[in-house]
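The values are calculated or read from the model by the stated rules, or taken from the named source; none is laboratory data. Note that the coordinates shown come from a computational prediction; the quantities given were computed from them, not determined experimentally. All Cβ positions, even for glycine, are placed from backbone atoms using ideal geometry, and neighbour counts span all protein chains on display.
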Amino acid sequence: MTAVSSTATTAGSAMVQPSPVELYAVRETAFGAPSLRDRQRYVRVRAGVYAPRAAWEGLAPWERYLARVHAYALVSPGAVFAYESAAALRGMPLFGEARDIHVFASERTSSRRFGDVCVHTGVDGRVVERLQGFALTSAADTAIDLMRVLPPAFGLAVGDATISRAQDGGVTTEMLLTLAESQEYRRGRGRLALLLPLLHPGAESPGESVSRAVILWSGFEPPELQVVFRMDGFSDRADFAWTSVRAIGESDGFGKYVGETREETIRRVREEKRRESRLRRQCSAFDRWEMNDAMRVTPLVDRLDAMRIPRIARPRTGLLIMTNSRSFAAARAVPTPAHPGSDSRSRNHV
């Protein structure tokens with residue numbers, strides 16, 4: 001049975017992510033379909049829905065997918081979005097541009113595909129929440145569904161985001177465990193058994209989660225997350241710390257450095273340099289890496305070896321699959337939307 005709630009407790013944003021591009025439905029356009037079918041000016045997102053071509057071509061893969069979900073909502077306003085489609089609307093991590101629109105229909109006796117639309121059903125119902133005119137599976141249901149089917153590192157990132165306050169997660173690990181144990185569906189049970197014990201509310205980005213997957217499944221000693229280092233009146237949190245060897249690692253993202261003005265960007269870069277200097281003075285080894293290093297696995301492993309992080313287990317390289325068959329192209333995680341004006345890495349950071 002599908003339960004319906006009128007309020008939402010969500011992972012990702014508490015509000016539905018808006019379409020990143022303006023969409024025009026033919027049936028609602030005063031100047032008519034002929035203008036929209038001008039291929040030089042507009043691109044068809046799906047039958048009956050168009051977007052300005054210049055804006056569309058400037059979208060990142062995950063933004064195109066979010067726009068496709070919004071386009072489907074225009075032509076099917078009663079749809080209950082699930083899997084990647086629900087995740088996109090909630091602002092949860094995505095990896096590449098998902099191939100399909102996913103909806104849930106409890107009244108169906110079997111799941112079916114209609115073009116690029118996958119209609120799901122099953123023995124287990126879903127809690128359906130209504131947000132700003134959209135119906136979508138709950139954050140917990142969305143996370144469990146995706147953890148069953150995504151490559152393990154990506155599933156870990158989705159699960160972490162769902163319970164991470166820094167990523168606007170509003171679900172607890174216990175809620176996810178209870179939901180998974182209550183379900184009869186067998187596909188992906190082994191994946192859930194692997195991932196659920198590893199979830200950590202301290203993960204502040206998909207990059208940190210994917211990095212942690214590489215660290216753990218490459219056999220390295222598990223790091224402590226968000227350890228606070230105090231010096232010169234500052235309290236700085238490090239993404240990863242290994243106290244056994246006095247090492248600090250940082251999963252870097254460049255979005256935090258970009259301000260609204262050139263002066264603000266310069267200020268942020270300077271403050272991050274000062275923060276790094278304070279951290280380096282309190283450890284024996286320090287390094288930082290990008291999401292791409294974690295996605296390629298070997299560059300991150302080489303950095304960890306250079307930092308002399310202890311190897312305590314045999315590598316499980318079969319888990320480190322970084323290609324997502326559910327997406328069209330090479331997958332990069334969506335940056336989790338940050339609260340305006342916040343960095344959250346240092347209590348003194350402005």
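Is it the case that residue 136 is aliphatic (A, V, I, L, M), crowded, with 24+ Cβ neighbours inside 10 Å and in a strand (DSSP E or B)? Answer is yes for this residue. Summed over the stretch 100-114, the residues that are surrounded by fewer than 21 Cβ atoms within 10 Å (Cβ to Cβ) and in a strand (DSSP E or B) give a count of 3. Within the stretch 28-50, the only residue that satisfies the criterion of being within 17 Å of residue 68 (Cα to Cα) and modelled with pLDDT under 85 is 36.
Against the test of being over 24 Å from the mean Cα position of the chain (by Cα), more than 30 Å from residue 141 (Cβ to Cβ) and acidic (Asp, Glu), the options 184, 276 yield a single qualifying residue, 276.
For residue 178, the test of being of a type in the set (S, T, N, Q) and without any contact (Cβ under 8 Å) to a residue 12 or more places away in the chain is passed. Apart from one condition, residue 228 fits all of (1) surrounded by fewer than 16 Cβ atoms within 10 Å (Cβ to Cβ); (2) in contact (Cβ under 8 Å) with a residue 40 or more places away in the chain; (3) of a type in the set (A, V, I, L, M, F, W, C); (4) in contact with a strand residue (DSSP E or B) (Cβ under 7 Å, 6 or more places away or on another chain); the exception is (2). Going by the structure shown, is residue 164 farther than 19 Å from residue 249 by Cα, within 14 Å of the chain's Cα centre (by Cα), hydroxyl-bearing (Ser, Thr, Tyr) and surrounded by 17 or more Cβ atoms within 10 Å (Cβ to Cβ)? Judged against the criteria, residue 164 is a match. Scanning the stretch 12-27 for residues that are farther than 17 Å from residue 76 by Cβ, surrounded by fewer than 16 Cβ atoms within 10 Å (Cβ to Cβ) and at pLDDT below 90 gives 14, 15. Is there a residue in the stretch 78-99 that is among the charged types (D, E, K, R), surrounded by fewer than 21 Cβ atoms within 10 Å (Cβ to Cβ), touching a Cys at 6+ places or on another chain (Cβ under 6 Å) and over 23 Å from residue 54 (Cβ atoms)? No - not one qualifying residue is present in the stretch 78-99. On the stretch given as the stretch 77-89, residues that are farther than 10 Å from residue 137 by Cα and either modelled with pLDDT of 95 or more or touching a strand residue (DSSP E or B) at 6+ places or on another chain (Cβ under 7 Å) (or both) total 4. Out of the residues in the stretch 218-246 that are in a strand (DSSP E or B) and of a type in the set (S, T, N, Q), which is modelled with the lowest pLDDT? Among those that are in a strand (DSSP E or B) and of a type in the set (S, T, N, Q), it is 235. For the stretch 184-194, the candidate set comprises residues that are assigned to a loop (DSSP other than H, G, I, E, B) and touching a residue at least 24 places away in the same chain (Cβ under 8 Å); within that set, the residue that is surrounded by the most Cβ atoms within 10 Å (Cβ to Cβ) is 188.
For the stretch 74-99, a tally of residues being touching a Phe, Trp or Tyr at 6+ places or on another chain (Cβ under 8 Å) and not in a helix (DSSP H, G or I) returns 11. Only helices (runs of 4 or more DSSP H) whose full extent lies in the stretch 259-329 are considered here, and the ones with at least 2 residues that are touching a residue at least 24 places away in the same chain (Cβ under 8 Å) and charged (D, E, K, R) are 262-280. Could you tell me which residue of the stretch 272-301 is farthest from residue 259 (Cα to Cα), considering only residues that are among the charged types (D, E, K, R) and exposed (fewer than 12 other Cβ atoms within 10 Å of the Cβ)? Filtering the stretch 272-301 for residues that are among the charged types (D, E, K, R) and exposed (fewer than 12 other Cβ atoms within 10 Å of the Cβ), the one farthest from residue 259 (Cα to Cα) comes out as 281. Look at residue 153 and say whether it is closer than 22 Å to residue 323 by Cα, assigned to a helix (DSSP H, G or I) and either touching an Asp or Glu at 6+ places or on another chain (Cβ under 9 Å) or aromatic (Phe, Trp, Tyr) (or both). Against the criterion (closer than 22 Å to residue 323 by Cα, assigned to a helix (DSSP H, G or I) and either touching an Asp or Glu at 6+ places or on another chain (Cβ under 9 Å) or aromatic (Phe, Trp, Tyr) (or both)), residue 153 does not qualify. Checked against the criterion of being in a loop (DSSP other than H, G, I, E, B) and of a type in the set (D, E, K, R), the candidates 208, 181, 204, 174 yield just one match: 204.
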